[in-house]
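The values are calculated or read from the model by the stated rules, or taken from the named source; none is laboratory data. Only a predicted model underlies this, so the values are computations on that prediction, with no experimental measurement involved. Cβ: placed from backbone, ideal geometry, glycine included. Neighbour counts: every protein chain shown. These area figures cover heavy atoms from the full protein model, side chains too; ligands, DNA and RNA do not enter into them. Shrake-Rupley method; radii C 1.70, N 1.55, O 1.52, S 1.80 Å.
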Amino acid sequence: MKAMTLAAPGQPLEARELPDPQPGPGQLQVRVAACGVCRTDLHVVDGDLTEPKLPIVPGHEIVGRVSALGDGVKDFEIDQRVGIPWLGHTCGACSYCNRGEENLCDSPGFTGYQIDGGYAELTVADADYCFPLGEDGGDAELAPLLCAGLIGYRSLVMAGENARRLGIYGFGAAAHIVAQVATWQGREIYAFTSPGDTAAQDFARSMGAAWAGGSDETSPVELDAAIIFAPVGALVPAALRALRKGGVLVCGGIHMSDIPAFPYRDLWGERVIRSVANLTRQDAIDFLALAPRVPVRTEVVEYPLAEANEALDDLRSGRLTGAAVLIP
Ligand SMILES: [Zn+2]
Ligand SMILES: [Zn+2]
């Protein structure tokens, strides 16, 4: 099969011909139809995340069809369309798994990080961590739901049911999905982009934002909650100052630059800062059921698999509107 592989952080991906991966017991072999390009892939490629298997096939927003079943797989059939997310494996035995917090598992395996992912024609995944997608919607349009959608949804849940006025910092793939869900739920979205990025601000308004402006601008209202998707630590004190008392600030990314010091009075008043880490399988079940009801429409830019480096560069430089998706 053809695959794009990372030999070492800081290097471009290489186009390689690899043996077809074979499913072990309990696994699916999936022919990849589309694989989204997530900011986390950039953090793996750039070496911000330090525990990759190397070489690794990145990619954890995978949509494809089952092409072979490992021993013991009962719930899937050949040709069925499935999605494969970031959470590829958990131990099932640690204190976090036992508490229903498998997203925090002590011995996890993440797709496209420790487990070869979807920048390839074929991939293999534990069936217990794959999700049936049905036949509605295009492969490329569904791919961003598998991480941008899931992490965005978990971030939205952590913002709290009562957060009506919601700030979103960084308006990319995750934000454009969250904005649709949140406005459908009756919330107001205030979108903060890089200063001067009027294209992203127009995009945010087209996705239902009540207001869009630069992150250097003062929020027009006191926010009940805010979610930061941009990997920029300086946004934490800025967003905190926009929150009402008791407001919640959710950091939705896996990596962020250092957070500058800020006065305690900005946190005072029972404001909360929290991160969101990974996803549980229940998040996926909940969100994949919710998305068609909204319905969530993703804005995607397709690239051939061989142009994975170009897609990553476009994401890194902010040239993208919406979500990049690789098509093998
Ligand atoms: Zn565990
Ligand atoms: Zn991701």
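Show the residue pairs that are 6+ apart or on different chains and have beta-carbon atoms under 7 Å apart, the first residue being within the stretch 140-151 and under 12 Å from Gly322 (Cα atoms), the second being of a type in the set (A, V, I, L, M) and near ligand 2 (Cβ under 9 Å from one of its atoms).
Pairs that qualify, where the first residue is under 12 Å from Gly322 (Cα atoms) and the partner is of a type in the set (A, V, I, L, M) and near ligand 2 (Cβ under 9 Å from one of its atoms), are Pro144/Ala173; Ala148/Ala173; Ala148/Ala174.
For the stretch 22-76, which residues satisfy the criterion of being among the hydrophobic types (A, V, I, L, M, F, W, C) and without any contact (Cβ under 8 Å) to a residue 40 or more places away in the chain?
Step one: list which residues in the stretch 22-76 are among the hydrophobic types (A, V, I, L, M, F, W, C), which gives 28, 30, 32-35, 37-38, 42, 44-45, 49, 54, 56-57, 62-63, 66, 68-69, 73, 76.
Passing the criteria: only Val66.
Residues are listed down the side, and each one gets a yes or a no for (1) of a type in the set (Gly, Ala, Ser); (2) in a loop (DSSP other than H, G, I, E, B):
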position: Ser257; (1), (2): yes, yes
position: Ala277; (1), (2): yes, yes
position: Phe287; (1), (2): no, no
position: Val294; (1), (2): no, yes
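Only residues that are touching a Ser or Thr at 6+ places or on another chain (Cβ under 9 Å) and either open to solvent by 10 Å² or more (accessible area, probe 1.4 Å) or part of a helix (DSSP H, G or I) (or both): list them for the stretch 235-251, please.
Result: Leu235, Ala238, Ala239, Arg241, Ala242, Cys251.
So how many residues does the stretch 190-207 have that are open to solvent by less than 40 Å² (accessible area, probe 1.4 Å) and either touching a Leu at 6+ places or on another chain (Cβ under 7 Å) or in a loop (DSSP other than H, G, I, E, B) (or both)? Before the answer, list the steps.
Initially, the stretch 190-207 is screened for residues open to solvent by less than 40 Å² (accessible area, probe 1.4 Å), giving 190-193, 200-201, 203-204, 207.
Remaining after also requiring either touching a Leu at 6+ places or on another chain (Cβ under 7 Å) or in a loop (DSSP other than H, G, I, E, B) (or both): 190, 207.
The qualifying residues number 2.
Considering only residues that are open to solvent by less than 40 Å² (accessible area, probe 1.4 Å), in contact (Cβ under 8 Å) with a residue 24 or more places away in the chain, within 16 Å of ligand 2 (Cβ to nearest atom) and not in a helix (DSSP H, G or I), which ones fall in the stretch 102-122? First the steps, then the outcome.
Filtering the stretch 102-122 down to residues open to solvent by less than 40 Å² (accessible area, probe 1.4 Å) leaves 102-103, 105, 109-113, 117-120, 122.
With the extra rule that they be in contact (Cβ under 8 Å) with a residue 24 or more places away in the chain, the set shrinks to 102-103, 110-113, 117-120, 122.
Cutting the leftovers down to within 16 Å of ligand 2 (Cβ to nearest atom) gives us 103, 110-113, 117-119.
Answer for the stretch 102-122, where residues must be open to solvent by less than 40 Å² (accessible area, probe 1.4 Å), in contact (Cβ under 8 Å) with a residue 24 or more places away in the chain, within 16 Å of ligand 2 (Cβ to nearest atom) and not in a helix (DSSP H, G or I): Phe110, Thr111, Gly112, Tyr113, Gly117, Gly118, Tyr119.
Given the conditions (1) more than 24 Å from Cys38 (Cβ to Cβ); (2) in contact with a strand residue (DSSP E or B) (Cβ under 7 Å, 6 or more places away or on another chain), report the number of the one that Thr218 does not fulfil.
With respect to (1) more than 24 Å from Cys38 (Cβ to Cβ); (2) in contact with a strand residue (DSSP E or B) (Cβ under 7 Å, 6 or more places away or on another chain), Thr218 is out only on (2).
For the subset of the stretch 64-101 comprising residues that are among the charged types (D, E, K, R) and within 16 Å of ligand 1 (Cβ to nearest atom), which member is surrounded by the most Cβ atoms within 10 Å (Cβ to Cβ)? Reasoning before the result, please.
Residues of the stretch 64-101 that are among the charged types (D, E, K, R), as a first pass: 65, 71, 74-75, 77, 79, 81, 99, 101.
Okay, now just the ones that are also within 16 Å of ligand 1 (Cβ to nearest atom), so 99, 101.
Numbers: Arg99: 9, Glu101: 15.
Filtering first and then ranking leaves Glu101.
Of all residues in the stretch 1-12, which are closer than 20 Å to Val124 by Cα and not polar (S, T, N, Q)?
Within the stretch 1-12, the first condition is being closer than 20 Å to Val124 by Cα, and the residues that meet it are 1-7.
Correct list: Met1, Lys2, Ala3, Met4, Leu6, Ala7.
If Ala210 satisfies all but one of (1) touching a residue at least 60 places away in the same chain (Cβ under 8 Å); (2) surrounded by fewer than 24 Cβ atoms within 10 Å (Cβ to Cβ), what's the number of the condition it fails?
(1) is the only condition that Ala210 fails.
Tell me the residue from Arg271, Arg265 that is surrounded by fewer than 16 Cβ atoms within 10 Å (Cβ to Cβ) and at pLDDT 95 or above, please. Before the answer, list the steps.
Details: Arg271 fails: surrounded by fewer than 16 Cβ atoms within 10 Å (Cβ to Cβ).
Answer to the check: Arg265.
Quickly run through the stretch 33-46 and pick out the residues that are within 16 Å of ligand 2 (Cβ to nearest atom) and not in a loop (DSSP other than H, G, I, E, B). Give the steps one after another, and end with the answer.
Within the stretch 33-46, the subset within 16 Å of ligand 2 (Cβ to nearest atom) is 34-46.
Ala34, Cys35, Gly36, Val37, Arg39, Thr40, Asp41, Leu42, His43, Val44, Val45, Asp46 - these are the residues of the stretch 33-46 that are within 16 Å of ligand 2 (Cβ to nearest atom) and not in a loop (DSSP other than H, G, I, E, B).
Name the residue that is surrounded by the fewest Cβ atoms within 10 Å (Cβ to Cβ), counting only residues in the stretch 175-189 that are in contact with a strand residue (DSSP E or B) (Cβ under 8 Å, 6 or more places away or on another chain) and hydrophobic (A, V, I, L, M, F, W, C).
Residues of the stretch 175-189 that are in contact with a strand residue (DSSP E or B) (Cβ under 8 Å, 6 or more places away or on another chain), as a first pass: 175-176, 178-179, 182-183, 187-189.
Still in the running and hydrophobic (A, V, I, L, M, F, W, C): 175, 178-179, 182, 189.
Working: Ala175: 30, Val178: 28, Ala179: 28, Ala182: 27, Ile189: 24.
Out of the qualifying residues, it is Ile189.
Please verify whether Glu77 is among the charged types (D, E, K, R), away from ligand 2 (no atom under 16 Å from the Cβ) and not in a loop (DSSP other than H, G, I, E, B), treating the condition exactly as stated. Spell out the reasoning first.
On the way: among the charged types (D, E, K, R): yes; away from ligand 2 (no atom under 16 Å from the Cβ): yes; not in a loop (DSSP other than H, G, I, E, B): no.
No; evaluated as a whole, the condition is false for this residue.
Please go through the stretch 123-171 and pick out each residue that is within 12 Å of the chain's Cα centre (by Cα) and assigned to a loop (DSSP other than H, G, I, E, B).
As a first pass, look at the stretch 123-171 and keep what is within 12 Å of the chain's Cα centre (by Cα): 143-155.
Cys147 - this is the single residue of the stretch 123-171 that is within 12 Å of the chain's Cα centre (by Cα) and assigned to a loop (DSSP other than H, G, I, E, B).
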